[in-house]
Amino acid sequence: MSMKTIIRTDKAPAPIGPYNQAVMAGNVLYTSGQIAMDPSSGDLVTDNIQNESHQVMQNLKAVLEAAGMNFENVAKTSIFLKDMDNFQAVNAVYAEYFSEENAPARETVQVAKLPKDVNVEISMIASK
């Protein structure tokens, strides 16, 4: 029998559907995808792709911290882009949060549309 723990924090946007910010299963944390929503105002940060990407990463940081983890614990990330032409800009922001020698596995895909018509969504898998 596996045990799962729901992870919640008010330092990241509240879920807008039947899901949670993250679920801990054993020692593994599965985050839901985060978009660039400011958790305090509920406003989207989409003025430019760099600020949007930083907000996504800050939201993920808050979820990781709520589970007693940080970016060092991340084993895998999935990046969803509305436009692959934003790859370099998103990748540059992403690189500020990980050291190259300890960076997680990752895939980056272009998708037709994202929630609230944002430009980037990122999810993570981490472990203690």
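The numbers here are math on the coordinates, done by the rules we state, and not lab data. Computed from a prediction, not measured in an experiment: that's the story for all the values here. Glycine gets a Cβ as well: all are built from the backbone with ideal geometry, and neighbour counts include every protein chain shown.
What the table below lists for this structure:
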{"quantity": "Simple label model, 7 Å out from Cα along Cβ direction - Val28 to Ala75, nm", "calculated": "0.6"}
{"quantity": "Evaluated over the chain, the Cα radius of gyration and Dmax, each in Å", "calculated": "13.9, 46"}
{"quantity": "For Thr9, net neighbour charge (Lys/Arg +1, Asp/Glu -1) across residues whose Cβ lies under 15 Å away", "calculated": "0"}
{"quantity": "Estimated FRET transfer efficiency when R0 is 25 angstrom, pair Asp47-Thr5 (beta carbons, to 0.05)", "calculated": "0.10"}
{"quantity": "Pairs from Lys4/Lys128; Lys4/Lys61; Lys61/Lys82; Lys11/Lys61; Lys61/Lys128 whose Cα-Cα separation, in the structure shown, is over 18 Å", "calculated": "Lys4/Lys61; Lys61/Lys82"}
{"quantity": "With eigenvalues of the C-alpha gyration tensor scaled by 5 and rooted, region 1-67, Å", "calculated": "24, 11, 9"}
{"quantity": "With Cα atoms, 0 to 90° folded angle of helix 49-66 axis to the chain main axis", "calculated": "10"}
{"quantity": "Least to most buried among Ser127, Ser41, Ser32, Ser53 (fewest other Cβ within 10 Å first)", "calculated": "Ser41, Ser127, Ser32, Ser53"}
{"quantity": "Burial order of peptide ranges 63-70, 89-96 (average beta-carbon count within 10 Å, highest first)", "calculated": "63-70, 89-96"}
